[in-house]
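The structure appears below as structure tokens.
The values are calculated or read from the model by the stated rules, or taken from the named source; none is laboratory data. In this text the structure is predicted, and so the values were computed from the model without any measurement. FYI the Cβ positions are ideal-geometry reconstructions off the backbone, even for glycines, and counts take in every protein chain you see.
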Amino acid sequence: MLKKFKKTAIGTFLVVAVMSTVAFSSDFFEIAKQIDIYTTLFKELNMYYVDEINPAELTDRAIKNMLGGLDPYTRYYDQQGVEDARISATGDYGGIGMRSRYKNYGLTILSIYKDGPAHKAGLIAGDKIIQIDDVIVEEFKDKSVINLIKGTPNTSVDLKIIRNGKTKSITVDRQKIEINPVPFYQMMDEKVGYIAFVKFNRRASSEVKKAYKDLKSQGMERLILDIRHNPGGLLGESVAICNMFLPKGEIIVTTRGKMKKWSDTYRTKSEPTDLEIPIVILIDGRSASASEIVSGALQDYDRAVIIGQRSFGKGLVQRYRKLSYGTQMKVTISKYYTPSGRCIQELDYANRAKDGTVPKFSDGTVNSFKTSNGRKVYDGGGVLPDIVIQKPTTTVATKALFSSDAFFNFGTDYYFKNPTITAADKFSLPQIEFSNLLSYLGSNTALFTTKTELHFKKSMEMANKEGLSNITNQYHNLLDKIQEEKQRGLESNKTEIMDKLTENIVRRYYFNEGVYQQKAAHDPVILEAMAVLSDTKRYDKLLK
């Protein structure tokens, strides 16, 4: 009987082994086949296509189109992209300390880092850079022109700018720029400390801990951790931050992927910093990835009250993989799960529709899980706060406004018309400025357009080419209707627009620090967090 069992077991093992080998060979053959097809196609194209082609540009486009069909996080990086990714992870680079935007062959300074080289040289937000050393920005015709400003610390770069219609030449000394993931923290009153935390780079946990200790020395007994608009970053840093407030050995996140080495359980490794301090964490729709690991874990352990809007819903983990010739790929290798077992991934990229639409897990059946105290929490669609601060849906018109030149330029005009404003924590933008903004938009329609308008414009151009000019009146009537809808969309988001406009303006006078000072005094979400922390019974009830 035993011999018969052994023979059966061996036979089964051999069948499985052969099938696995066949499957592996089949996969390998298919990969080799497709690579060979691409190689021969590229060779024929390069040899026989009537015009000269750019092999690097063609390959770059092919790779990006291929990866674009997977998810937004699996990306290819050329050599410059690798350097940009390194800067993002480490938080430092050689530059002049500014944020800029390249658009329509122009380069505009969006913001300046306080006390950085650009600030010391006299550059301000709104300056249009037209020349970098000997390079004319408009003639360069590529957004990589921005990289010409970066360089080795202790070297200089000559810039020619246009400010308020006048041309100026400014020389700026490059320095090592350190991007602090904790741009602001302060005591809100005698007992409540506030830490704003914007990125999970390699300095994240150390800077949060440094801010915490400083606030503790000032008498902090309660903590607000603000990770709104924090897109995430390094998984290990999220675990380290959770470790500050949770006991050693607790599960923070579990990852599950195709390869066993990328399926792992991450636990707290050190003794905690503080197990008692009451904590409120602020999140919103742009809190993602590592931000969701922190908020999800502390929620699952009933260690913090979460306030704000539902988080983004990115439950995927990426790793960088080195490729040939100094390039690399960031690839999604696993999904992650909070301590209660939740995967908070919102979009189901594996089941993308034929038209490219990506379904949402939250539109289907979501599963309930339990926190340590038995509270119900749910998977799919991000982390749902314990206290949801409702806000109107951001309209298409408002989204277009925030990314428009008109919105930014209005702030620039305000700055030149008002040489000074009150202290940041006392500043409140008068309501009349909303009406002024609408009037400005009406006078500068070309700087504020929706995708619908752009599509209609292209359709009208095509109609004119085809001799259908008799629809011109209807076209302009339709544009007038769109303008009316745009204005209604803006008015329904008045509060959000005024908040963004306040940020836009305050940052020009008081930099990012001033934006946080203003928010600390006026932001309703922060004020709600203060109210929760001041009411011990309410705080405890929310967690139990």
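Numerical summary
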| item | result |
| --- | --- |
| Output for segment 514-528, where each listed residue is out of contact with any helix residue (DSSP H, G or I) (no Cβ under 7 Å at 6 or more places or on another chain) and charged (D, E, K, R) | 523, 528 |
| Residue selected from segment 380-400 under the condition part of a loop (DSSP other than H, G, I, E, B) and in contact with a strand residue (DSSP E or B) (Cβ under 8 Å, 6 or more places away or on another chain), by the criterion surrounded by the fewest Cβ atoms within 10 Å (Cβ to Cβ) | 389 |
| Test result for residue 284, touching a His at 6+ places or on another chain (Cβ under 9 Å) and in contact (Cβ under 8 Å) with a residue 40 or more places away in the chain | yes |
| Verdict on residue 365 being under 20 Å from residue 448 (Cβ atoms), surrounded by fewer than 16 Cβ atoms within 10 Å (Cβ to Cβ) and either among the aromatic types (Phe, Trp, Tyr) or without any contact (Cβ under 8 Å) to a residue 24 or more places away in the chain (or both) | no |
| Lone qualifier among 173, 133 - being surrounded by fewer than 16 Cβ atoms within 10 Å (Cβ to Cβ), under 25 Å from residue 115 (Cα atoms) and touching a helix residue (DSSP H, G or I) at 6+ places or on another chain (Cβ under 6 Å) | 173 |
| Selection from segment 49-76 of residues that are touching a strand residue (DSSP E or B) at 6+ places or on another chain (Cβ under 8 Å) and either under 22 Å from residue 288 (Cα atoms) or modelled with pLDDT under 80 (or both) | 67, 70, 71, 73, 74, 75, 76 |
| Residues being at negative phi and outside any strand (DSSP E or B) - total across segment 253-305 | 36 |
| Leading residue by the ranking (farthest from the chain's Cα centre (by Cα)) among those in segment 308-335 that are surrounded by fewer than 18 Cβ atoms within 10 Å (Cβ to Cβ) and assigned to a loop (DSSP other than H, G, I, E, B) | 323 |
| Check on residue 338, of a type outside the set (Lys, Arg), crowded, with 24+ Cβ neighbours inside 10 Å and at pLDDT 90 or above | yes |
| Of the criteria (1) on the phi > 0 side of the Ramachandran plot; (2) surrounded by fewer than 20 Cβ atoms within 10 Å (Cβ to Cβ), which one residue 178 fails | (1) |
| Any hit, segment 204-223, residues being assigned to a strand (DSSP E or B) and under 25 Å from residue 337 (Cβ atoms) | no |
| Failed item, numbered, when residue 198 is tested on (1) farther than 28 Å from residue 121 by Cβ; (2) crowded, with 20+ Cβ neighbours inside 10 Å | (1) |
| Search result, residues across segment 35-79 that are assigned to a loop (DSSP other than H, G, I, E, B) and free of Cβ contacts under 8 Å to residues at least 60 places away in the same chain | 49, 50, 51, 52, 53, 54, 72 |
| Residue match in segment 111-121 (condition: farther than 16 Å from residue 97 by Cα and surrounded by 13 or more Cβ atoms within 10 Å (Cβ to Cβ)) | no |
| Residue within segment 359-371 that is hydroxyl-bearing (Ser, Thr, Tyr), modelled with pLDDT under 95, more than 29 Å from residue 307 (Cα to Cα) and assigned to a loop (DSSP other than H, G, I, E, B) present | no |
| The one condition in (1) farther than 24 Å from residue 73 by Cβ; (2) at pLDDT below 95; (3) of a type in the set (A, V, I, L, M, F, W, C) that residue 305 fails to fulfil | (2) |
| Flag if residue 114 is farther than 23 Å from residue 327 by Cα, outside the structural domain of residue 314 (by TED's automatic domain parsing), part of a loop (DSSP other than H, G, I, E, B) and out of contact with any His (no Cβ under 8 Å at 6 or more places or on another chain) | yes |
| Cross-chain or 6+ apart pairs with Cβ under 6 Å, segment 416-441 first and farther than 18 Å from residue 523 by Cα, then at pLDDT 95 or above and part of a loop (DSSP other than H, G, I, E, B) | 421/427 |
| Check on residue 100, of a type in the set (S, T, N, Q), at pLDDT 90 or above and more than 30 Å from residue 520 (Cα to Cα) | no |
| Selection from segment 429-462 of residues that are surrounded by 13 or more Cβ atoms within 10 Å (Cβ to Cβ) and outside any helix (DSSP H, G or I) | 429, 444, 448, 449, 450 |
